[in-house]
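For reference, the structure discussed in these notes is given below.
The values are calculated or read from the model by the stated rules, or taken from the named source; none is laboratory data. Here the structure is a predicted model, which is why all the values come from computation and not from measurement. Here the Cβ is made from the backbone with ideal geometry for all residues, glycine too, and neighbour counts use every protein chain on show.
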Amino acid sequence: MTDAVTRNDQTAADDRTRRRIYIQEYALVGVLIVLIVAGSIAKPSAFLSSSNLFTVLTQASVVGVLAIGMTFVIASSGIDLSVGSLVAAAGIAGGLLGDGGSGMAFILGALGFGLLLGSINGFAITFGRVVPFIATLAMLTIGRGLALRMSGKTPISVILLDQVRWFGNGKVLGIPAPVIVLIGLTAIGWVVLNRTAYGRYVVAIGGNREAARIAGIRVRPIVFSVYALSGLCAGISAILITGRLASASPVAGALYELDAIAAVVIGGTSLAGGRATMVGTFLGVMTFALIFNLLNLLNIPTEYQLIVKGVIVLIAVVAQRRDS
């Protein structure tokens, strides 16, 4: 009898969680519609042009890929403040390996270095028992320092690496390659989060780590893996931004971690863990991208754009607390 009641309570809790996620996603779709309407009224010729919309999606792809990894991290009740620095470090590592003219060496170097630094985060948090905020804050400075040291504080050109430049400026059927990468990875992230045991374990650990451990979930390997995944996403973002700029810069990715976290939060993933939505994360990325594209078209000063971003994040967090 007690077990049946417990299962019923858990089912009801799951239904409430799904309902909250759906409400958040529908609300963001409404916000996107309002933004499109507002942009079409304020700057009809510029805002609605295909070139502008593709530019918005291309620019959003770098933070969007980071946000995919961040969704898994936050769903597990963690945080990763290092991803911006990892983008720079991974790009520089790839640039050094691809300096002989090999685009594939660049790609493997960026992915590998991002994965390595992300795994160091995971090791420090799971086996070193360092609080995620502190461990990733330390990696934020380490990653940036490595990028500056390895590059000699100067960008590394990849203009001759056609494979890398394709990821930044290539097109398939008229659609920019970064947009295809973002949509493809979002789809994969959705499947992993919602249709695999791994995704359920990540959310369960974020909801109640001790209960997950008692249920037989191997907590440490799962937590380790979400930070390794976040580092891998940083490596992918490094490829996208380096390909677009035709150079790997040691100062790339500044404050990208805050943009990724903001997109995940307004998308509906709970900062306390235990609730995550990949669709919401994608909508959150698009919401920020459209807002700041519109503000740029209206020539709003950067300082006011930053204030708007902070206000949006604050409202999203307050709404989460009221809903919890």
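All conditions but one from (1) within 21 Å of residue 319 (Cα to Cα); (2) at pLDDT 90 or above; (3) surrounded by fewer than 18 Cβ atoms within 10 Å (Cβ to Cβ) apply to residue 272; the one that does not is (2).
Is it the case, given these coordinates, that residue 67 is in contact with a helix residue (DSSP H, G or I) (Cβ under 6 Å, 6 or more places away or on another chain) and either surrounded by fewer than 20 Cβ atoms within 10 Å (Cβ to Cβ) or in contact (Cβ under 8 Å) with a residue 24 or more places away in the chain (or both)? Yes: the conditions hold for residue 67.
Residues in segment 39-55 that are touching a helix residue (DSSP H, G or I) at 6+ places or on another chain (Cβ under 8 Å), farther than 15 Å from residue 286 by Cα and part of a helix (DSSP H, G or I): 40, 42, 46.
For the residues 24, 59, the requirement of being surrounded by fewer than 21 Cβ atoms within 10 Å (Cβ to Cβ), within 20 Å of the chain's Cα centre (by Cα) and either part of a helix (DSSP H, G or I) or aromatic (Phe, Trp, Tyr) (or both) singles out 59.
The helices (runs of 4 or more DSSP H) located wholly in segment 107-205 that include 1 or more residues which are over 17 Å from the mean Cα position of the chain (by Cα) and of a type in the set (Phe, Trp, Tyr) occupy 162-169. If you check residue 290 against the conditions, is it on the phi < 0 side of the Ramachandran plot and at pLDDT below 90? Here the answer is no, as residue 290 does not meet what is asked. For residue 151, the test of being polar (S, T, N, Q), closer than 27 Å to residue 267 by Cα, in contact with a helix residue (DSSP H, G or I) (Cβ under 8 Å, 6 or more places away or on another chain) and touching a residue at least 24 places away in the same chain (Cβ under 8 Å) is failed. Just the residues that are surrounded by 24 or more Cβ atoms within 10 Å (Cβ to Cβ), in contact with a Ser or Thr (Cβ under 8 Å, 6 or more places away or on another chain) and outside any loop (DSSP other than H, G, I, E, B), please, taken from segment 275-294. Answer for segment 275-294, where residues must be surrounded by 24 or more Cβ atoms within 10 Å (Cβ to Cβ), in contact with a Ser or Thr (Cβ under 8 Å, 6 or more places away or on another chain) and outside any loop (DSSP other than H, G, I, E, B): 278, 280, 281, 282.
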